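Visitor: This structure is in structure tokens; I'll ask about it shortly.
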Amino acid sequence: MTRKWYKLLAFFLVLTMALVACGGQEEEPPAGADGEQDVPTEAPPVEEEPEAEEEPPAEEEPPAEEEEPAEGTGAELQLMGWSSSEAENTRLQAVIDDFNAANGNIQVNLNLVPDYDTRLQTSLAGGAPPDVFYIDSFRLPDLVDAGAVEPAEGRIEDPDDFYESLRDAFTYNGTFYCPPKDFSTLGLQYNTDMFDAAGLEYPNEDWTWDDLRSAAEQLTNEEEGVYGMVLSADFARWIAFLYQAGGEVANEDFTEMTINSPEAQEAMDFYVNMVLDGFAAQPADLDSGWAGEAFGRERAAMSMEGNWIVPALADGFPDVNYGVTQLPAGPAGEATMAFTVCYGVPADIPDERKEAAFEVVNYLTGAEGMKAWTDLGLAMPTRQSLRDQWLEQFPDLQPFLDGAEHARAWQFVTGFQDVLDTVNNGLQQAFAGTMTSEQVLEQAQEVGTEVLNR
Amino acid sequence: MASGIKGQDREDAVAGWLFMTPALIVFIVFLIIPIIFALYFSLTDWNGISPPAEANWVGLDNYQTVLLEGGIRQSDFFKALKNTTYFAIGVVPLQTILSLLLAVIINQRLLRYKEFFRTAYYFPSITSSVAISLIFLFLYQRSGLVNNALEFLTFGAWEPVAWMSDARGLFHIILEALGVTLRDGPEFLRGELLGLTVWDWISGPSVALMAIMIMNTWTTIGTMMIIFVAALQDIPGSVYEAAQVDGATAWPTFRRITVPLLRPTIFFVVTLGLIGTYQVFDQIYVMSSGGPAKTTLTMAYMVYRNGFRNSEMGLGAAIAILLFVIIFVLTLIQRRITGSEAEQ
């Protein structure tokens, strides 16, 4: 009798543990990648969607594959990427199914993995890389310097059709390495209800820093814990202000750091003072994991996130009324950041496989594949020729797409992670009042110089 | 006859090796070989991306970079060492004392529902640490449960803090309350030692790190408690009966009998605790990624960071080896202190 009970108990214990373990694994990557205040920079923007599901899409065999199983020589290619939203995963699978149906001799398997960076790195080092893989623009220099990426120059159809900022993002040392899959730019989101309540005019494209600051001031109500704006201690956000002020991270060929300049100082002062003066707050101070959540919970009237905030708000906070415009212009004009991911082909596979891989890449980034992929309205087309037709479908997202015109690439040199960490660290301390903005820039200059001299 | 016995011995030996083989293979493949590789890679400039064969031999360069050369890597290394040490100093005594207390309480003969408590206390230890970390992220928010509870307990005097984004060090908070700040403190505070200022060295664990320390203590107590319970049950009841006859009350019995008899176990638990705390990784990975302001950057997390984010696998391996050396030395020291008595 008792033994039976023990067995039952043991069974349930094991079951609970298994469930707990599964649950943990499933949620681990989004949180690890960017769940918190201080990491989102290096995480590819697509990952920033907090609702990201880690399960790969249902592995339904495409009917086409069953109909023509082994036609011709049949190269089987693997496309490895990270999972974003369920909707996007399904759509990408559908695009690939289309390709597989149209091509008898090349069959592509989509493999969306958790903990992507680690997986990619081990498969590259192990000499068995996937035939096509995602590359975040920030990560490109590391991979190129390790000799892992085959240049795409001359193998991509109509490369001039891509936005220049996106081509830049995947050009390193003068060579174009991989065509952009899609991209995001930073825009300014504003809560229309809060602006109406305060009797303020909505932000528009002609806004300057001063407009932003005064609006943030008037929208702040510290007693209620509501701030004019949510700002992250994040290089990937501040850098837009750096460019708007006319500053540069380094000189053109990255031999010398120029981040400790009067322009950078101006941008740093503006950014930090928004928080120190109490018109803006960090996500964590607004009980949120990231800026989009703080905006969605109406704890901040404005935020500067990329287009990934749109599906996140639709999912998590469907009742929030908001508008989107471009980032305000600084003393030196307009600038925003483009975060983008490309389809890379490894340097270390046989030539026939490379050719097949580039064929796949050309389809996915070509007019037909790109259109199918971006018709969902979550990802933006990287080809200028698709712009008008896409905007007809999604007019609300125009500010994000227009950002591509004056966007800067999120790409530096190998080892720049140290500079990124230093600036993030400095911004956190500046927001907390334990470092001055001068010290932050001095330190960034110093660490950057060290990185460039390695 | 003699040869018969020898044959028997040989058969036993063969059987013994055969039984050991599976474990031995696993041990060699997954432990010995990786350690040797780590040692080798720590002497190369391998980036972790290109095939390992292309790595260049750089001798002790990686060790020199983190230990001697001034720069961001040196200061990061010592920052990680400092954070990890504060972590260990806080967690190890706390978890040892608390788990011993729990074990003694649970081991009381008169306690009812013993099994329930035993399971309840052990439960955090068997739950996925990632799941726990995610839940604690919510608890530690500014409007989270921890702040609410503290506010309630202090009748509203508690000022809510955003635990996971607070970089202030414990000792800095105390010093500043006493009127000592970096700006107008004595000159030696601004002096630099191994890439960090003296003021940085004496920061104490940051609020964010303390939050993780508390969580880590909570999750590890269960395991340690089970070890203590097992050891307590090994203490013969006659010893306690003799003490009772001599008129010993609860506290002297605990201090004079339980603790001395548990000394080997305490040594074991402290060793486990030291190793566990110096290797803390998953909670950092999930909850803070080393931030805010690198105050939760630990050695193990830095190894990962260098290996898989900075494309510096060689450097990461060197830090891993240094971590091994540090743990090894600490265990030896600790053995000196408690171990010699434990062997009696």
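The values are calculated or read from the model by the stated rules, or taken from the named source; none is laboratory data. Keep in mind that this is a model prediction, so the values were computed, not measured. Note that each Cβ is placed from the backbone with ideal geometry, even for glycine, and that neighbours are counted across all protein chains shown.
Visitor: Kindly list the number of the only condition in (1) in the same structural domain as A:Leu378 (by TED's automatic domain parsing); (2) surrounded by 16 or more Cβ atoms within 10 Å (Cβ to Cβ); (3) modelled with pLDDT of 90 or more that fails for A:Pro114.
Guide: With (1) in the same structural domain as A:Leu378 (by TED's automatic domain parsing); (2) surrounded by 16 or more Cβ atoms within 10 Å (Cβ to Cβ); (3) modelled with pLDDT of 90 or more applied to A:Pro114, the lone miss is (3).
Visitor: Consider the stretch A:274-315. How many of its residues are without any contact (Cβ under 8 Å) to a residue 12 or more places away in the chain, over 28 Å from A:Met380 (Cβ atoms) and not charged (D, E, K, R)?
Guide: 0
Visitor: If B:Arg109 satisfies all but one of (1) charged (D, E, K, R); (2) within 30 Å of B:Ile226 (Cβ to Cβ); (3) touching a Leu at 6+ places or on another chain (Cβ under 8 Å), what's the number of the condition it fails?
Guide: B:Arg109 satisfies all of (1) charged (D, E, K, R); (2) within 30 Å of B:Ile226 (Cβ to Cβ); (3) touching a Leu at 6+ places or on another chain (Cβ under 8 Å) except (3).
Visitor: While we're on this one: Could you tell me which residue of the stretch A:106-122 is nearest to the other protein chains (Cβ to nearest Cβ), considering only residues that are among the hydroxyl-bearing types (Ser, Thr, Tyr) and farther than 18 Å from A:Ser85 by Cα?
Guide: Going through the qualifying residues, I end up with A:Thr118.
Visitor: For the stretch A:421-437, give me the residue count where each residue is surrounded by fewer than 24 Cβ atoms within 10 Å (Cβ to Cβ), farther than 16 Å from A:Ser261 by Cα and more than 9 Å from chain B (Cβ to nearest Cβ).
Guide: 1
Visitor: Let me ask something additional. Quick one: how many residues across the stretch B:10-63 are under 20 Å from A:Gln121 (Cα atoms) and among the acidic types (Asp, Glu)?
Guide: 2
Visitor: Here's a check for you: in the stretch A:265-295, which residue that is within 19 Å of the chain's Cα centre (by Cα) and more than 14 Å from chain B (Cβ to nearest Cβ) is surrounded by the fewest Cβ atoms within 10 Å (Cβ to Cβ)?
Guide: The selected residue is A:Gly292.
Visitor: Go through the residues of the stretch B:115-137 one by one and say whether even a single one is without any contact (Cβ under 8 Å) to a residue 24 or more places away in the chain and basic (Lys, Arg).
Guide: No.
Visitor: Among the residues of the stretch B:137-158, are any within 11 Å of chain A (Cβ to nearest Cβ) and acidic (Asp, Glu)?
Guide: No, the conditions are met nowhere in the stretch B:137-158.
Visitor: Just name the residue that is modelled with the lowest pLDDT out of those in the stretch B:258-288 that are in contact with a Gly (Cβ under 7 Å, 6 or more places away or on another chain) and among the aromatic types (Phe, Trp, Tyr).
Guide: So, considering only residues that are in contact with a Gly (Cβ under 7 Å, 6 or more places away or on another chain) and among the aromatic types (Phe, Trp, Tyr), the one modelled with the lowest pLDDT is B:Phe267.
Visitor: Continuing with the same structure: Are there helices (runs of 4 or more DSSP H) fully within the stretch B:231-344 with at least 1 residues that are away from chain A (no Cβ under 14 Å) and closer than 30 Å to B:Phe37 by Cβ? List them.
Guide: Helices (runs of 4 or more DSSP H) meeting the threshold: B:263-278, B:299-308, B:313-334.
Visitor: Return the pair list, or none, for Cβ contacts closer than 6 Å from residues in the stretch B:59-85 that are within 13 Å of chain A (Cβ to nearest Cβ) and surrounded by 18 or more Cβ atoms within 10 Å (Cβ to Cβ) to residues that are among the small types (Gly, Ala, Ser) and in a helix (DSSP H, G or I), at least 6 apart or on different chains.
Guide: Short answer, once both residue conditions are applied: B:Asn62/B:Gly314; B:Asn62/B:Ala318.
Visitor: Does at least one position in the stretch B:43-51 carry a residue that is closer than 30 Å to A:Ala444 by Cα, of a type in the set (Ser, Thr, Tyr) and at pLDDT 90 or above?
Guide: For the stretch B:43-51, residues closer than 30 Å to A:Ala444 by Cα, of a type in the set (Ser, Thr, Tyr) and at pLDDT 90 or above: present.
Visitor: Something else about it: Does A:Val440 fit the bill of being within 14 Å of another protein chain (Cβ to nearest Cβ) and part of a loop (DSSP other than H, G, I, E, B)?
Guide: Taking the combined requirement at face value, the residue does not satisfy it.
Yes/no matrix, rows are residues, columns are (1) surrounded by 21 or more Cβ atoms within 10 Å (Cβ to Cβ); (2) not in a loop (DSSP other than H, G, I, E, B):
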residue	(1), (2)
A:Glu298	no, no
A:Val320	no, no
A:Gly323	no, yes
A:Tyr343	yes, yes
A:Ala357	yes, yes
A:Val361	yes, yes
A:Leu378	yes, no
A:Asp396	no, yes
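Visitor: Scan the stretch A:74-95 for residues that are touching a residue at least 40 places away in the same chain (Cβ under 8 Å) and more than 19 Å from A:Trp308 (Cβ to Cβ) and jot them down.
Guide: A:Ala75, A:Leu77, A:Gln78, A:Leu79, A:Met80, A:Ala94, A:Val95 - these are the residues of the stretch A:74-95 that are touching a residue at least 40 places away in the same chain (Cβ under 8 Å) and more than 19 Å from A:Trp308 (Cβ to Cβ).
Visitor: May I ask you to list the residues in the stretch A:380-394 that are in a helix (DSSP H, G or I) and touching a residue at least 24 places away in the same chain (Cβ under 8 Å)?
Guide: Correct list: A:Gln384, A:Ser385.
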